[in-house]
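The values are calculated or read from the model by the stated rules, or taken from the named source; none is laboratory data. Since we're looking at a predicted model, the values are computed, not measured. We place every Cβ from the backbone using ideal geometry, glycine too, and count neighbours over all the protein chains shown. For the accessible areas, the whole protein counts, side chains as well, though only heavy atoms, and no ligand, DNA or RNA atoms are used. Shrake-Rupley method; radii C 1.70, N 1.55, O 1.52, S 1.80 Å.
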Amino acid sequence: MFVSPKPHPHVAIRQWADAEKPREKLLQHGAGTLTDTELLAILLHTGHKNKSALDLAREVLQLAHHNLPELGRISVRKLQKLKGMGRAKAVTVLAAMELARRRQASPIHKKTVIRAGADAALFFKPLLADHSFETFYVMFLNHANKVLQYRCISTGGMTSTVVDTRLIFRDALEAGASKLLLCHNHPSGSLRPSQADIRITLKIKEQGQLFDIDVLDHIIVSETGYCSLVEEGVI
């Protein structure tokens, strides 16, 4: 008679040998020696019943097809479908992914002068490229093209976002900006500017003339790269 093998008993991470515990491995050998699963397990801190934090981390990565950019696009709701993944853990994962984006974008703080669309794309692409919805940012610069600040103006759906130009020029005047650089993402991956993209760019450029504020460029970013409306001859 066939007898099913007994399942292996679950062993909590705290009962593992120190050399195998993710936190201890990080402390002894550095974060670079840990796998994606181990790093994620540290963020999750705990698992669920007969599931360790490492087991839960594996399930999260499987949900993202073992692709970190894909993990950055997963919603809190989708993460919470996994047993043991409560809202707090899901928020922690998404916060970590956002920190990673901002770390990638940090070179702009060393190079605070924007000389071409590629400079702006270097900053915005890590922030926006893997968003699953359109997001519109504006960078405010002085007469010497030095970055004063930047901010998100609006977020929208899969294919569009509504831009209130009054907010742009209110913030530009408060920042003392004499130049603007526009940027938004295309979740579809296409870098071709839509007619709506062109219309809003020309509208902002025209309104900027009333305030003596120049629009340097409008950058579209996706995972595949970027498109500059200036380089394309649109503006």
Take the conditions assigned to a strand (DSSP E or B) and closer than 20 Å to P69 by Cα and apply them to Y226. Does it pass? yes
Inter-residue pairs, beta-carbon under 7 Å, first closer than 22 Å to E223 by Cα and in region 188-207, second modelled with pLDDT under 95 and assigned to a helix (DSSP H, G or I), 6+ apart: none
Residues within region 118-164 that are modelled with pLDDT under 85, outside any loop (DSSP other than H, G, I, E, B) and open to solvent by less than 20 Å² (accessible area, probe 1.4 Å), tallied: 3
Those residues of region 189-214 which are open to solvent by 100 Å² or more (accessible area, probe 1.4 Å) and touching a Cys at 6+ places or on another chain (Cβ under 8 Å), in sequence order: R192
Filtering region 46-61 for residues that are part of a helix (DSSP H, G or I) and of a type outside the set (A, V, I, L, M, F, W, C) leaves a count of 3
Please determine, by comparing only the residues of region 27-80 that are more than 22 Å from the chain's Cα centre (by Cα) and within 16 Å of V91 (Cα to Cα), which one is most open to solvent (accessible area, probe 1.4 Å). H45
Just one of R170, R192 is part of a loop (DSSP other than H, G, I, E, B) and among the charged types (D, E, K, R); which is it? R192
